[in-house]
1. Counting just the residues of the stretch 61-93 that are without any contact (Cβ under 8 Å) to a residue 12 or more places away in the chain and outside any loop (DSSP other than H, G, I, E, B), which one comes out nearest to the ligand (Cβ to nearest atom)?
2. Can you find a residue in the stretch 39-46 that is closer than 15 Å to Gly139 by Cα and surrounded by fewer than 19 Cβ atoms within 10 Å (Cβ to Cβ)?
3. Name the residue that is farthest from Glu127 (Cα to Cα), counting only residues in the stretch 1-59 that are among the hydroxyl-bearing types (Ser, Thr, Tyr) and modelled with pLDDT of 95 or more.
4. Considering only the stretch 127-246, give the strands (runs of 3 or more DSSP E) lying wholly within it that have at least 3 residues that are within 23 Å of Thr98 (Cα to Cα).
5. Out of the residues in the stretch 94-126 that are part of a strand (DSSP E or B) and of a type in the set (Val, Ile, Thr), state the one that is nearest to Ile43 (Cα to Cα).
6. State the number of residues belonging to the stretch 193-210 that are surrounded by 19 or more Cβ atoms within 10 Å (Cβ to Cβ) and either within 15 Å of the ligand (Cβ to nearest atom) or not charged (D, E, K, R) (or both).
7. Any residue in the stretch 30-43 that is within 16 Å of the ligand (Cβ to nearest atom) and of a type in the set (Phe, Trp, Tyr)?
8. Which one is nearest to the ligand (Cβ to nearest atom) among residues in the stretch 153-178 that are closer than 27 Å to Ser235 by Cα and surrounded by fewer than 22 Cβ atoms within 10 Å (Cβ to Cβ)?
Amino acid sequence: MGGSNKPELIKDGKRLDGRSPDQLRPIKIEVGVIKNAVGSAYIEWGNNKIIAGVYGPKEALPKHIQDPEKAIIKCRYSMAPFSSLEEHGRTGPNRRSTEISKVTKEVFENVVQLEKFPGAEIDLYIEVLQGDGGTRAAGITAAAVALAASGIPMTDMPYSVSAGKVGDAVILDLNKIEDNFSDADMPVAISPRTGEMLLLQMDGNLTKQEINTAMQMILKSGAEISRIQKEALKSQYEKILEKYNK
Ligand code: CDP
């Protein structure tokens with residue numbers, strides 16, 4: 001946010017990477033990338049590279065964290081020490097990663113059918129290999145696919161994306177440089193089936209009108225993100241079917 005030597009982020013209606021204000025970065029998702037996980041997904045979202053892995057359900061340990069009524073979700077979001085120049089050489093949890101782990105866990109507590117697994121824990125790991133702005137959104141989007149691939153029942157497969165503001169312009173899916181110099185950033189996660197909002201964070205200020213514009217961009221791009229999530233799952237099952245039919 002803010003800062004000196006602000007580059008011109010929008011010129012003739014185009015952003016530095018050539019995108020229009022409401023355009024997503026390219027997104028690719030691959031399912032089944034970790035053998036030992038019950039479900040996993042790798043996402044490339046612009047220059048973000050992130051792996052999500054799901055483990056469990058298994059007995060929640062230590063025992064005192066167990067909920068006799070339902071499963072609990074443990075979530076760890078983490079950035080690899082080589083994932084960005086800023087993070088270089090640093091490992092271990094910090095304030096930011098603890099916050100992102102918490103909000104991500106809360107997203108999935110709303111869609112995973114936890115009551116089906118009393119006393120259990122479901123572990124969700126999100127590892128950022130390369131970060132370039134919007135890693136929490138990309139991580140949630142990948143984790144949703146990993147959970148779907150795990151077969152753990154969910155009421156819906158959420159997606160996440162952020163929108164924000166540079167100068168007077170509302171833009172979708174901020175990359176790192178846009179994030180650094182933006183006037184606002186609003187990551188959102190949505191359950192597409194119900195339209196329920198599962199995450200809403202805001203860094204900076206947006207007017208009511210700007211929030212409306214941002215939400216319209218988010219919902220429109222959501223259809224595309226959901227399509228990519230489903231395609232990734234479908235192509236994984238087609239691969240498995242092919243193997244069986246051989
Ligand atoms: O990644 P996201 O936009 O969800 O979170 P952020 O806190 O707004 O961070 C924006 C970007 O700054 C990240 O995506 C990373 O590229 C970078 N960053 C970093 O490299 N090292 C950190 N410790 C924090 C952020």
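1. Ranking the candidates gives His64 first.
2. Narrowing the stretch 39-46 to residues closer than 15 Å to Gly139 by Cα: 39-46.
Imposing the further condition that a residue be surrounded by fewer than 19 Cβ atoms within 10 Å (Cβ to Cβ) reduces the set to 44.
Yes, the stretch 39-46 contains at least one residue that is closer than 15 Å to Gly139 by Cα and surrounded by fewer than 19 Cβ atoms within 10 Å (Cβ to Cβ).
3. Here is the first cut: in the stretch 1-59, the residues among the hydroxyl-bearing types (Ser, Thr, Tyr) are 4, 20, 40, 42, 55.
Filter once more, so that each one left must be modelled with pLDDT of 95 or more: 20, 40, 42, 55.
Values: Ser20: 29, Ser40: 11, Tyr42: 10, Tyr55: 14 Å.
So the residue we want is Ser20.
4. Values: elements: 159-166, 169-172, 184-191, 196-200.
Those strands (runs of 3 or more DSSP E) span 159-166, 184-191, 196-200.
5. Taking the stretch 94-126 first, the residues part of a strand (DSSP E or B) are 112, 120-126.
Next, from what is left, pick out any that are of a type in the set (Val, Ile, Thr): 112, 122, 126.
Values: Val112: 21, Ile122: 21, Ile126: 11 Å.
Ranking the candidates gives Ile126 first.
6. As a first pass, look at the stretch 193-210 and keep what is surrounded by 19 or more Cβ atoms within 10 Å (Cβ to Cβ): 198-199, 206, 210.
From what is left, the residues that are either within 15 Å of the ligand (Cβ to nearest atom) or not charged (D, E, K, R) (or both) are 198-199, 206.
Of the residues in the stretch 193-210, 3 are surrounded by 19 or more Cβ atoms within 10 Å (Cβ to Cβ) and either within 15 Å of the ligand (Cβ to nearest atom) or not charged (D, E, K, R) (or both).
7. Filtering the stretch 30-43 for residues within 16 Å of the ligand (Cβ to nearest atom) gives 43.
When the remaining residues are screened for being of a type in the set (Phe, Trp, Tyr), the result is none.
For the stretch 30-43, residues within 16 Å of the ligand (Cβ to nearest atom) and of a type in the set (Phe, Trp, Tyr): absent.
8. Of the residues in the stretch 153-178, the ones closer than 27 Å to Ser235 by Cα are 153-162, 173.
The next check asks that each one be surrounded by fewer than 22 Cβ atoms within 10 Å (Cβ to Cβ); those that pass are 153-157.
Numbers: Pro153: 28, Met154: 22, Thr155: 25, Asp156: 22, Met157: 20 Å.
So, considering only residues that are closer than 27 Å to Ser235 by Cα and surrounded by fewer than 22 Cβ atoms within 10 Å (Cβ to Cβ), the one nearest to the ligand (Cβ to nearest atom) is Met157.
The values are calculated or read from the model by the stated rules, or taken from the named source; none is laboratory data. Note that the structure is a prediction, hence the values are computed from the model and not measured. Positions of Cβ are backbone-derived with ideal geometry, glycine not excepted, and every protein chain shown enters the neighbour counts.
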